[in-house]
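One structure is given below, encoded as structure tokens.
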Amino acid sequence: MKLASIKNQTRDGKLVVVSKDLSRYIPVPHIAETMQQALDNWAVVEGQLQEVYLALTQGELADALAFEAGQCESPLPRAYQWADGSAYVNHVELVRKARSAEIPESFWTDPLMYQGGSDDFIGPEDDVLLPSDEWGVDFEAEVAVITDDVPMGVSSDNAGDYVRLVMLVNDVSLRGLIPGELAKGFGFFQSKPASAFTPVAVTPDELGSHWRDSKLHLPLLSEYNGKAFGKPQAGEDMTFNFAQLIAHAAKTRNLGAGAVIGSGTVSNKQGTQWGTSIEEGGVGYSCIAEVRMIETIRDGKPSTSFMKFGDSIKIEMFDEDGNNLFGSIEQKIKKA
């Protein structure tokens, strides 16, 4: 099934069930008023929500409303937990290669992960508001999951069973602030402003065979300023699947229902050492930083600029029949 949070006068939005084709929706306050409330009581409400979804998709609910992504908050407008991994080691290797640094062997067996700010997510069509565009503004197209309650110490063999919803994310990064923060030895904070998620989150069963081995096996599309920028396969070159990422996050703590776990920037090697752009016949990239790293490796310095005020990014995913599975993230960078 497909769920979303419609904007209202509250911080957490109004939970709605969305039809399979993303054309209609219906509120379900008799089941759960918010996405978080549904996740807190998933075992009780899942079946009820599924019944509504089937009726809505089959056109049996005459009071259904027209669905518009611009009406939506992120599926969870705020969350108790947002932990973003770096499951595509090709991305990490590329970034380090540009500064002539090798990746430690442990990066292939122990995933990187940072704890992001989860109190202020951006709506899927809301502008990304920033004080300055001189900080190296970048988008990062990723896949994310929302979990149920996850017990501390869960094994990677079992962690995938706790995935309740899947969505896409634009993990906004300020590349110019990252080096200074990491040099302090205490991780990201100012360099990772609010992230944005697709208008719709879907249950894994809705994805059919595309969801297997705790990975989403479809191309992730990025369109930058109206031009195709990336279409890497999200299921390829993913060193750590979502079960492994969840187990990593839960190694020393319980995860509460509604925890959001990100994949990190989706990145393919494309059969070459680093991959190639769409213009060169490759699948492109899911962030500007990778293009700049390749330019540095090839030419000694980057030539592609980071995002400026007025630039736009669109992130989405389609199945083989051309159906937009999650709706689209469509945003512009604007001055706060």
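Look at the alpha carbon pairs under 8 Å that are at least 6 residues apart: their mean separation over the length of the chain gives a relative contact order of 22 percent. Comparing GLN233, GLN58, GLN50 in a Gaussian network model of the chain (Cα springs below 10 Å), the most mobile by mean-square fluctuation is GLN58. Under a Gaussian network description of the chain, with springs only between Cα atoms under 10 Å, the residue in LYS184, LYS227, LYS314 that fluctuates furthest is LYS184.
Normalised by the number of residues in region 42-171, the average gap of Cα pairs under 8 Å and 6 or more apart makes the relative contact order 24 percent. In the chain, taking the dipole from charged Cβ atoms about the Cα centre, the farthest positive-side position among ALA183, GLY258, GLY160 is held by ALA183. For the pair region 57-115 and region 251-330, the centres of their Cα atoms are 10 angstrom apart. The distance between label points at GLN190 and ALA66 comes to 4.5 nm (points 7 Å beyond Cα on the Cα→Cβ vector). Pair-distance distribution of region 275-336: all C-alpha pairs, bin width 5 Å, starting at 0; shares per bin in whole percent are 4, 14, 16, 21, 19, 14, 8, 3, 0. Simple spin-label estimate for THR252 and SER303 gives 4.6 nm between the two label positions (7 Å along the Cα-to-Cβ direction from each Cα).
On the beta carbon distance between GLU181 and SER312, with R0 = 41 Å, the FRET formula returns roughly 0.95. On a per residue basis, region 26-111 carries 49 Å² of accessible surface, using protein heavy atoms and a 1.4 Å probe. Using the Cβ of GLU279 as centre and a radius below 15 Å, the other residues enclosed give a net charge of -1, where K and R count +1 and D and E count -1. Placing unit charges on the Cβ atoms only, positive for Lys and Arg and negative for Asp and Glu, gives region 84-219 a dipole magnitude near 480 debye about its Cα centre. Overall, the accessible surface of region 20-104 at a probe of 1.4 angstrom is composed of carbon and sulfur to the extent of 48 percent.
As a ratio to 2.2 N^0.38 Å, the alpha-carbon radius of gyration computed for region 265-311 takes the value 1.17.
Listed values for region 193-208 are Karplus-derived 3J(HN,Hα) couplings in whole Hz (6.51 cos²θ - 1.76 cosθ + 1.60, θ = phi - 60°), namely x, 4, 8, 10, 10, 4, x, 10, 10, 10, 6, x, 5, 5, 8, x, and x replaces Gly and Pro. Annotation: region 208-336 has a Kirkwood hydrodynamic radius of 16.5 angstrom, from the mean reciprocal C-alpha pair distance. Is the shape of region 87-160 best called rounded, prolate or oblate, per the rule: a/c under 1.5 gives rounded, else a/b larger than b/c gives prolate, else oblate, with a ≥ b ≥ c the square roots of the Cα gyration tensor eigenvalues? Since a/c reaches 1.5 but b/c is at least a/b, the shape of region 87-160 is classed as oblate. The value of relative contact order for region 113-199, using C-alpha pairs under 8 Å at least six residues apart, is 40 percent. Just to be sure I understand, if you calculate semi-axes √(5λ) of the Cα gyration tensor in Å for this structure, which of (1) 32, 22, 19; (2) 33, 26, 20; (3) 37, 25, 18 do you get? Given (1) 32, 22, 19; (2) 33, 26, 20; (3) 37, 25, 18, the structure-derived one carries the label (1). Each of LEU22, ASN323, VAL145 was placed along the dipole of the chain (beta-carbon charges, centred on the mean Cα), and the one lying farthest toward the positive end is VAL145. Taking LYS184 as the anchor, which lysines have their alpha carbon closer than 17 Å to its alpha carbon, excluding any fewer than eight residues away along the same chain? Result set, ordered by chain and number: LYS192.
For the chain, the Cβ-based charge dipole about the Cα centre amounts to some 880 debye (Lys, Arg positive; Asp, Glu negative; other atoms uncharged).
Each Lys or Arg adds one and each Asp or Glu takes one away; over the other residues whose Cβ falls under 10 Å from the Cβ of ASN323, this sums to -3. The modelled label-to-label distance for the pair LYS227/GLU134, using points 7 Å beyond Cα in the direction of Cβ, is 2.6 nm.
Helical content of the chain, expressed as a calculated mean residue ellipticity at 222 nm, amounts to -5000 deg cm²/dmol (DSSP H runs of 4 or more residues, -39,500 (n - 2.57) each, divided by residue number, nearest 500).
Can you tell which of LEU221, LEU61, LEU22 shows the greatest fluctuation in a Gaussian network model of the chain with Cα springs below 10 Å? Residue with maximal mean-square fluctuation among LEU221, LEU61, LEU22: LEU61.
The values are calculated or read from the model by the stated rules, or taken from the named source; none is laboratory data. Note that the coordinates shown come from a computational prediction; the quantities given were computed from them, not determined experimentally. Positions of Cβ are generated from backbone atoms using ideal geometry, with glycine treated the same way; all protein chains shown enter the neighbour counts. Side chains included, ligands, DNA and RNA excluded: accessible areas come from the protein's heavy atoms. Shrake-Rupley method; radii C 1.70, N 1.55, O 1.52, S 1.80 Å.
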